[in-house]
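Working notes, structure below.
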Amino acid sequence: MATMSLYDMPQSPPNFDRVGVFYMSFCATWTALVLAGMVFLVANRRNPILKIRGLPLSLSAIFMLHLYWILAQITYPIGMTLPIVLAYDIQYFFMGIWFPLGVALFHASNSRFLYVAQLQKQYISSPTLRRKRSGCNGGDTSWLCRFRNLDYPTKILVYIGLGMILQVLLTIGMWFACRKYHPTFGIPGTELKGSTIAEQLLDMSQGWEWWPSALWQVIWTWIIAPIMIWKAWGIRDTLGWRFQTIGCCLSNLHATPMWLLSMYLPAFGPMNKYFTPNQWIHLSVMMFEVFTILVPCFLVVRQQSLRKKAANSNAKWGTTSLTTLRDTHSSGCKSASLAEKGLTIDVLLKKELGDHLFTMGALDYVLTENPGPLQEFSALRDFSGENIAFLTSVSGWKTLSPWPAGTDQGASAEAAADRLRDAFTQALVIYTNFISPRDAEFPINLSSRDLKQLEAVFERPARILCGEARVDPATPFDGAETRSASDGDWMELAEVAGRIQYAGEIPDGFDAGVFDAAHAHVKYLVLTNTWPKFVAEMQQQQSRFSEDSERSGGTGNSGSTLASRVSQFIHSFM
């Protein structure tokens, strides 16, 4: 054996001892569990908890990482059945290309959390509507401008693609340069060293060609991951997304140091025989899968339970809840201004209301009287601020839009047409801010049928408004200061509707009820998703406040309502 080289080493039969059987059984069991979880997530992909995560990116990352994890689990039982150099070739390319790409995709998926959390603050910082930035108009602008207009996931994939091209070229170049993998060519001095098989195996696993992969791991785990933890620490969402992101980052910190220690410290030699150095990395891969697949599955099941509770309560008490709430408020509040005193939320937390809280009537009551705390909660905690903003915007549009008066009131046809155009302009801005998949930063979750109906009414005018369609020289927008999306600014409802007026043909399907189906659909989504969590949060805050008051021996500050306390609590995490 002293004169034998790794190139001459014979292949061995599979090693199915107790350890080998354990690895194979564990690999099959865990793989089946992960696949079942992935299928469950895909089947429930329209659930708000999952839809906002961007499942294609996260599941693609998990798929790549899990394939590498499988490779590590079968190394002990069947690794020696391959020619030893071929086995190290496979390990080298997986470690140098496949694994860094999987980790990059995974962190790109998690970084979406920070992006969404930041953008959702727009629904708190300004009460007006907003829509996606757009600073370019197709092929008429530079490639750099068009790149800046790409959505966040696409940009991340472009950056990852560029980085991986560099990594692939580096990995392949070093493989060709290193003679230990192919003794007939390569840079002199890079041959396999060692006079024994053990020394040659050690040289094969500790060469300089492994360091670019180690550098990738250090960058992701000890530079990018701590930054993500720091940025995500103050965010308290109801979707488990922060928990997932921080958990994944923390569970990966041990991987690179332990991998290096197990490779270079002789004390790990006996352990490496059964638990290879790469297994330290794959422990973090398993934790990735727990936080990315199993935890969201649990959250979806819990959300379905809350949704069922809200639906049952609404079916049971929906017709009487609004009357009960108004009666409760009338008996408990002598002042007239709910909006000023913020008592709407306090009234909802009276114990005698019971299941009346989980009804459409209770939701309507808050949306009508004081939607501010619910808007804050949905944006900063539930990442669904667009839903509440859409509901309040449509309600305001129907109430305040200059709809044409009837002929019995003496309105001229010309005046009625002008009012109709004003109403359509405002509705068009609502469409581009909340509904259009091409324009809205967070399009509301509508059925394909409802979306097609609204697109038939608004899509062509929206393309003109957003500067992405060729228009007739006789511009369809009349106004002293028209503005297109090429200005690169956020378009706000009050500003747009006040500065431009749609002058084109108004579709036949436009009327005061054009948003009714979408409004009802979104309101029911809020009732069964955001509203139960909001009520539970308010009740928890009330319980904590009562406990603090009892411990302090007082009743608390009567001038501070629960609504204001909740607002302060939410803003503390912005």
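Since every read-out is calculated from the coordinates, none of them should be taken as a lab result. Since the model is a prediction, treat every value here as computed from it, not as a measurement. Methodologically, a virtual Cβ is constructed for each residue, glycine included, from the backbone with ideal geometry; neighbour enumeration extends over all protein chains shown.
Remarks
- Cα gyration tensor, region 1-107 - rounded (a/c under 1.5), prolate or oblate: oblate
- Too-long pairs where the Cα-Cα distance tops 18 Å, listed order kept, from K309/K533; K308/K523; K155/K452; K398/K523: K155/K452
- Cut-off under 5 Å, modelled amide H: who pairs with Y502 long-range: T425
- Karplus (6.51, -1.76, 1.60) ³J(HN,Hα), θ = phi - 60°, over region 442-456, in Hz, Gly and Pro reported as x: 10, x, 5, 7, 10, 5, 4, 5, 5, 5, 5, 5, 6, 5, 5
- G186 long-range amide H proximity, modeled H, under 5 Å: none
- Order by protection proxy (mean Cβ within 10 Å, highest first), peptides 362-373, 189-200, 34-45, 8-19: 362-373, 34-45, 189-200, 8-19
- Ranked packing of 256-265, 153-162, most packed first, by mean Cβ within 10 Å: 256-265, 153-162
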